[in-house]
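Since the structure comes first, as structure tokens, the remarks are kept for the end.
The values are calculated or read from the model by the stated rules, or taken from the named source; none is laboratory data. As the structure is a computational prediction, the values presented were derived from the model and not from experiment. Here the Cβ is made from the backbone with ideal geometry for all residues, glycine too, and neighbour counts use every protein chain on show.
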Amino acid sequence: MKPTLVILAAGMGSRYGGLKQLDTVTLDGATIMDFSIYDALQAGFGKFVFIIRKSFEKEFKEIFDKKLAGKAKVAYVFQEIESVPKKYQNPERTKPWGTGHALLMVKDVVKENFAIINADDFYGKEAFQMMADYLRNTDENSYHFSTMAYYLKNTVSENGYVSRGECQINETDYLTDVTERTHIEKRNNELIRKDDKGHFIPIHGDTIVSMNFWGFTPKCFEFGWVLFEKFLEENKNNLKAEFFIPSVVNEILKSGIATVKVLKSDAQWFGVTYKEDKEIVQDEIEKLIKNTVYPSKLW
């Protein structure tokens, strides 16, 4: 069984100032996504599903249909503001409903074990191999899920705040809780986060965090829509409310039906939350190419 890789690429990059998913980071025009796809192919993923907006479907298809022809299956699904039941649609809303909403969009095209990642995060070769191995050895009718976790200190931007899922883990490396921290930043060489009241408090650099790299069986969809409709009912008048994957995972954990194995990576994450991050990413990728971790031309 070849697992599928689902790529979250519907965001508009408000903090970045543009469509960062397709912004190139090498001289030959590769994006961060290209490196994730390359690593996933090497690890044995057999299908790629891009969650995008209809407005940039043409650009995505022109790029990735060609690159993946003959190498893997490809599908596209759309996450739009109106991809919710009619009674919850609000003409004043300007962005989709978050990563948990995006996850639900792939239900009809993903029937096998799959991983889901952000388009604009660089996870590292080892992470894809570990995840592929776990998914291949998991019964697709089971409720055995997983997440690739990183140390917080390896995942922050020097140029502003980031969102991370703070993980609580038991002694056998299973997830017991994940909390979405929507504002973590480095200030005076110390890591701090906003609490529920908007006050800044310290957070340790060795905190285990989720980078939205999750492994699921198709059974995850049984939980999703019920939770999402409940969320929509509670937040229908909140124009900024977002339904995150960690919200789905926490409900899964609370149910007692499912488990989430934590696969740990000590790799240095890098990504482009802000325009200023791009130069750092380019430098890091250049080092990896020089060290022959990647070829100078991926495709």
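Could you tell me whether segment 262-283 includes any residue that is in a strand (DSSP E or B), farther than 26 Å from residue 40 by Cα and of a type in the set (A, V, I, L, M, F, W, C)?
To start, the set of residues in segment 262-283 that are in a strand (DSSP E or B) comprises 262-265, 270-271.
Applying the additional criterion that residues be farther than 26 Å from residue 40 by Cα yields none.
The answer is no, given that none of the residues of segment 262-283 is in a strand (DSSP E or B), farther than 26 Å from residue 40 by Cα and of a type in the set (A, V, I, L, M, F, W, C).
Select from segment 199-219 the residues that are over 21 Å from residue 166 (Cβ atoms) and either of a type in the set (A, V, I, L, M, F, W, C) or in a helix (DSSP H, G or I) (or both) and list them in ascending order. Working first, answer last.
Filtering segment 199-219 for residues over 21 Å from residue 166 (Cβ atoms) gives 217-219.
Across segment 199-219, the qualifying residues are 218, 219.
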What are the residue pairs meeting all of these: first residue in segment 285-298, first residue closer than 12 Å to residue 27 by Cα, second residue of a type in the set (Lys, Arg) and surrounded by 11 or more Cβ atoms within 10 Å (Cβ to Cβ), Cβ atoms under 9 Å, and 6 or more apart or on different chains?
298/67
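Hey, does segment 76-84 have a residue that's surrounded by 20 or more Cβ atoms within 10 Å (Cβ to Cβ) and hydrophobic (A, V, I, L, M, F, W, C)? Give the steps one after another, and end with the answer.
Here is the first cut: in segment 76-84, the residues surrounded by 20 or more Cβ atoms within 10 Å (Cβ to Cβ) are 79, 84.
Within this subset, residues satisfying the condition of being hydrophobic (A, V, I, L, M, F, W, C) are 84.
Yes; the residues of segment 76-84 include at least one that is surrounded by 20 or more Cβ atoms within 10 Å (Cβ to Cβ) and hydrophobic (A, V, I, L, M, F, W, C).
Could you please give the count of residues in segment 11-31 that are within 17 Å of residue 99 (Cβ to Cβ) and modelled with pLDDT of 85 or more? I'd like the intermediate steps shown before the answer.
Step one: filter segment 11-31 for residues within 17 Å of residue 99 (Cβ to Cβ), giving 11-16, 20-21.
Next cut, modelled with pLDDT of 85 or more only: none.
The total comes to 0.
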If you go through 216, 221, the only one that is within 22 Å of residue 85 (Cα to Cα) and either modelled with pLDDT of 85 or more or touching a Phe, Trp or Tyr at 6+ places or on another chain (Cβ under 7 Å) (or both) is 221
Does segment 187-196 include one or more residues that are in a strand (DSSP E or B), touching a residue at least 40 places away in the same chain (Cβ under 8 Å), farther than 19 Å from residue 122 by Cβ and out of contact with any Pro (no Cβ under 7 Å at 6 or more places or on another chain)?
no
So residue 112 fits all but one of (1) over 19 Å from the mean Cα position of the chain (by Cα); (2) exposed (fewer than 15 other Cβ atoms within 10 Å of the Cβ); (3) modelled with pLDDT of 95 or more; what number is the exception?
(1)
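Matching residues to (1) closer than 21 Å to residue 117 by Cβ; (2) in contact with a helix residue (DSSP H, G or I) (Cβ under 7 Å, 6 or more places away or on another chain); (3) of a type in the set (Ser, Thr, Tyr):
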residue	(1), (2), (3)
159	no, yes, no
163	yes, no, yes
170	no, no, no
185	no, no, no
202	no, no, no
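One line per residue, one yes/no per condition, for (1) on the phi < 0 side of the Ramachandran plot; (2) of a type outside the set (Phe, Trp, Tyr); (3) at pLDDT 90 or above; (4) not in a strand (DSSP E or B):
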residue: 131; (1), (2), (3), (4): yes, yes, yes, yes
residue: 158; (1), (2), (3), (4): yes, yes, no, yes
residue: 165; (1), (2), (3), (4): yes, yes, no, no
residue: 172; (1), (2), (3), (4): yes, yes, yes, yes
residue: 175; (1), (2), (3), (4): yes, yes, yes, no
Matching residues, segment 220-240, being within 22 Å of residue 161 (Cβ to Cβ) and polar (S, T, N, Q):
238
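Kindly indicate the residue of segment 231-258 that is under 18 Å from residue 103 (Cβ atoms) and not in a helix (DSSP H, G or I) and also nearest to the chain's Cα centre (by Cα) among those meeting that condition.
Step one: of segment 231-258, the residues under 18 Å from residue 103 (Cβ atoms) are 231-232, 235, 241-255, 257-258.
Now narrow it down to the ones that are not in a helix (DSSP H, G or I): 241-244, 257-258.
Working: 241: 18, 242: 15, 243: 13, 244: 10, 257: 24, 258: 20 Å.
Among residues in segment 231-258 that are under 18 Å from residue 103 (Cβ atoms) and not in a helix (DSSP H, G or I), the one nearest to the chain's Cα centre (by Cα) is 244.
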How many residues does segment 247-299 hold that are surrounded by 18 or more Cβ atoms within 10 Å (Cβ to Cβ), touching a Lys or Arg at 6+ places or on another chain (Cβ under 8 Å) and not aliphatic (A, V, I, L, M)?
2
Any idea which of 56, 48 is closer than 20 Å to residue 109 by Cα and either touching a Lys or Arg at 6+ places or on another chain (Cβ under 6 Å) or crowded, with 23+ Cβ neighbours inside 10 Å (or both)?
48
Can you pull out every residue in segment 133-148 that is part of a helix (DSSP H, G or I) and surrounded by 19 or more Cβ atoms within 10 Å (Cβ to Cβ)?
134, 135
Determine whether segment 122-129 contains at least one residue that is crowded, with 18+ Cβ neighbours inside 10 Å and among the hydroxyl-bearing types (Ser, Thr, Tyr).
yes
